[in-house]
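Student: Quick one: the structure is below, questions incoming.
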Amino acid sequence: MKTVVKKWGNSLGIRIPKAIVNDLLLKDGTIIEITEQDNSILLRVKEEYLLDHMLENITNENLHHEISTGKPIGNEAW
């Protein structure tokens, strides 16, 4: 696919084609990491680890039990 670099305020911008937006599940506010590599521009979706989102994925099937680490040693208080 081709796109054109356009003036956007004091910067330059590109439009991401809808097919790529859909494939990568991009939305307004998605954080993208931009790097330069071998005379190319590389865009990567920066994964966000949001506690609320991670907690939503906990189910009874994937919830692990408490792990014993042994008795306290030294001045530890449990």
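Just so it is clear, none of the values below were taken in a lab; they were calculated from the coordinates. This is a predicted model, so every value here is computed, not measured.
Student: Student exercise: in the chain, how many lysine pairs 8 or more apart or on different chains have Cα atoms under 21 Å apart? Don't jump to the answer; show the numbers that get you there.
Tutor: On the way: 2/18; 2/27; 6/18; 6/27; 7/18; 18/27; 18/46; 27/46.
Step by step, the pairs that qualify in the chain add up to 8.
Student: Hey, if you drop one equal point scatterer on each alpha-carbon of segment 1-44 and run the Debye formula without solvent, what base-10 log of I(q)/I(0) do you get at q = 0.28, 0.33, 0.34 Å⁻¹?
Tutor: So the normalised log intensities work out to -1.30, -1.22, -1.20.
Student: One quarter of the convex hull surface, Cα atoms only: what value does that give for segment 21-78 in nm²?
Tutor: On the way: hull surface 37.0 nm².
Directional mean of the projected Cα hull area for segment 21-78 stands at 9.2 nm².
Student: Here is a further query. Could you give each residue of segment 61-74 its phi-based ³J(HN,Hα) in whole Hz, using Karplus coefficients 6.51, -1.76, 1.60 with θ = phi - 60°, and x for Gly or Pro?
Tutor: 6, 10, 7, 8, 8, 4, 10, 7, 10, x, 6, x, 10, x
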